[in-house]
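Scroll down for the structure; my scribbles are underneath it.
A short reminder: the numbers here are calculations on the coordinates, not readings from a lab. In this text the structure is predicted, and so the values were computed from the model without any measurement. For neighbour counting, all protein chains shown are included, and Cβ atoms are generated from backbone atoms with ideal geometry for every residue, glycine included.
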Amino acid sequence: MAVSSSSSINYNVYNYDMATPQFTPDGRLLQVEYASVAAEQSSPLLALQLKHDTIVLIAIKNSNTQNRMALLMDPQNPVCVAMSGVLADSVALLQGVLEESSNNRKRYNKELTILQVANVIAKACQQNSFGGGIRPYGSTMMVCGFCDAKQPVLYQTDPSGAILEAPCPETPNQVRWMIGGSQSLQRQLKQRINQALGRSPLDSSMADMIVLASRILIKETRKANKETKDKGAPASLEVVVLSPSLGGQRLTEEQLNAIQERISAKK
Amino acid sequence: MDTVIGVCYEGGVIIAADQSNGRSILTYQTNLDKIARLSSHSMMGVSGPNCDLVNFTEYISKNINLYELSNDGTKLSTKAQANFARGELAAALRKGPFQVNVLLGGYDEKTKGSLYHLDYMGTMHKVKHGAQGYAQHFVSSIFDKDCMPNMTEEDALNVVQKCIKEIHTRFLISQPNFIIKKVDKNGVEVISFGGDPADT
């Protein structure tokens, strides 16, 4: 059976390329599509657009050592890379970004733009979607930051190597994008959170809105995972705030504990 | 043997270079353009053997162009371009050095005019005025006396012309023609030349 692979090393003898991305009769790459589904294994990671120019990323950590959001570059020009899917693959892609941004800094004394960061990830994902004995990266990542005009931009990359730009919602204080979790859970979360934020008073502080969104996130995620024990127990939250004035800030232990207390109090 | 002079003013940079091309005791031509345009708003005056001049300027300018094409039209700032050129000079130093000394000037929205003095070893400094070649010995005192902060374009051009006059008076080697270029918010423009480079 003549099976061609686009990798330079010929693995045909071992038949390693039996299950690698090759087209189905109806023109689909199943391995790549299945890799996208891997993101559903992670809990949802929200990107909220607050007050026109601030993005707040909220997630429940699945691992107690690895953060799901990496804040890169200098705090004045923040870039946040958020991960979902196979954690090891995501971290490997992040390493690629760090290497490329270091090279760019060395060569041009300049930081990568947000789109360039997304391109680094997408290029790596696309190269692995060719197959030849290598499986695709099972990671769906989100890259956010500010463009030259100080407008927040947000891109999603997926295992096929595609880049999706998440549009800015028309009304402020809404969910801008989400990665991780099943389709139905994402839909549920988006609806509930947008409703809650929409109903909150106009002078709500950012902290109020973060508490609101986190509470719904924790509740819905636990419900979806059918976690009935430890219902009141605090979740391992991770919050990153990106704004043109503050730069990129990861909330500290104390701030997160304060949020948890407010969430528990309302229950 | 080459002379390159650069002066930064409020709103841009003027770079002048001699137009002689020669080796040993022979002058090949007196209408060579030694100031290469790197991007829409930056240029590089180069001194050194003609082979390295051409090789280095083409290499840097085309790579800068490639960056713009590969990155959605993102323009590299003058600082980034100078750093890139410096990196290439440094990398080549222990392999096959480019024997060029460079004055790189450009205009950016935020930082206005900026001038960088690079040498063949990969040393780089941001300067308000600079010269490459033997000219350094003749024109540094003119810069010290006449370069003021917040100079206008006219002031800068006067300084450059004073420098050229000094070279014509006191420098042993004949450099009859000079080409003067400026870069400002409108881009790179030739102010004057002694010999028409279009004839090369």
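With angles folded into 0 to 90 degrees, how steeply does helix A:253-266 sit against the dominant principal axis of chain A? Use alpha carbons for both and round to 10. The angle comes out at about 60 degrees.
If you plug the beta carbon distance of B:N158 and B:S40 into 1/(1 + (r/R0)^6) with R0 = 22 Å, you get a FRET efficiency near 0.25.
Mean per-residue shielding of peptide A:107-118 is 4, counting Cβ atoms of other chains within 10 Å of each Cβ. Dividing the mean sequence gap of close Cα pairs (under 8 Å, 6+ apart) by how many residues chain A holds gives a relative contact order of 25 percent. Calculated FRET efficiency, B:R94 to B:C147, Cβ-Cβ distance, R0 = 45 Å: about 0.80 to the nearest 0.05. Rounded to the nearest 0.05, what FRET efficiency do A:S245 and A:Q66 have when you use their Cβ-Cβ distance and R0 = 25 Å? So, using R0 = 25 Å, E works out to roughly 0.30. Expressed as an acute angle from 0 to 90° and rounded to the nearest 10, what is the orientation of the C-alpha long axis of helix A:114-128 relative to the principal long axis of chain A? Taking the Cα atoms of chain A, the angle to A:114-128 is about 40 degrees. Taking a ≥ b ≥ c as the square roots of the eigenvalues of the Cα gyration tensor, an a/c ratio below 1.5 marks the range B:93-200 as rounded. Taking the range A:58-96 and a reference point 7 angstrom along Cα→Cβ of A:A196, the backbone N atoms nearer than 19 Å belong to A:58-62. For the peptides A:55-68, B:128-141, the ranking by mean Cβ contacts within 10 Å, running from highest to lowest, is B:128-141, A:55-68. Cross-link partners among aspartates and glutamates for B:K95, C-alpha distance below 18 Å, same-chain residues fewer than 8 apart left out? Candidates past the 8-residue exclusion: B:D52, B:D119. Between B:T74 and any residue 5 or more places off or on another chain, the built amide H atoms are never under 5 Å apart. The HN-Hα couplings worked out from phi for the range A:43-48 by the Karplus form 6.51 cos²θ - 1.76 cosθ + 1.60 (θ = phi - 60°) are 6, x, 10, 9, 10, 9 Hz, whole numbers, x standing for Gly and Pro. Could you give the angle, 0 to 90 degrees to the nearest 10, between helix A:87-108's Cα long axis and the longest principal axis of the Cα atoms of chain A? Rounded to the nearest ten degrees, it is 90. Seen from A:M69, the other residues with C-beta closer than 15 Å to its C-beta sum to a net charge of +3, counting Lys and Arg as +1 and Asp and Glu as -1. Take each peptide in A:145-153, B:25-33, count the other Cβ atoms within 10 Å of every residue, and average; sorted highest first, the result is A:145-153, B:25-33. Within straight cross-link reach of B:K112, meaning Cα distance under 17 Å, which lysines are found once same-chain residues fewer than 8 apart are removed? Leaving aside lysines fewer than 8 places away in the same chain, those within reach of B:K112 are B:K75, B:K79, B:K126, B:K128, B:K181, B:K182, B:K185.
The GluC sites (Glu not before Pro) of the range B:1-71 meeting both criteria, a DSSP state outside H, G, I, E and B (loop) and at most 15 other C-beta atoms within 10 angstrom of the site's C-beta, are B:E10.
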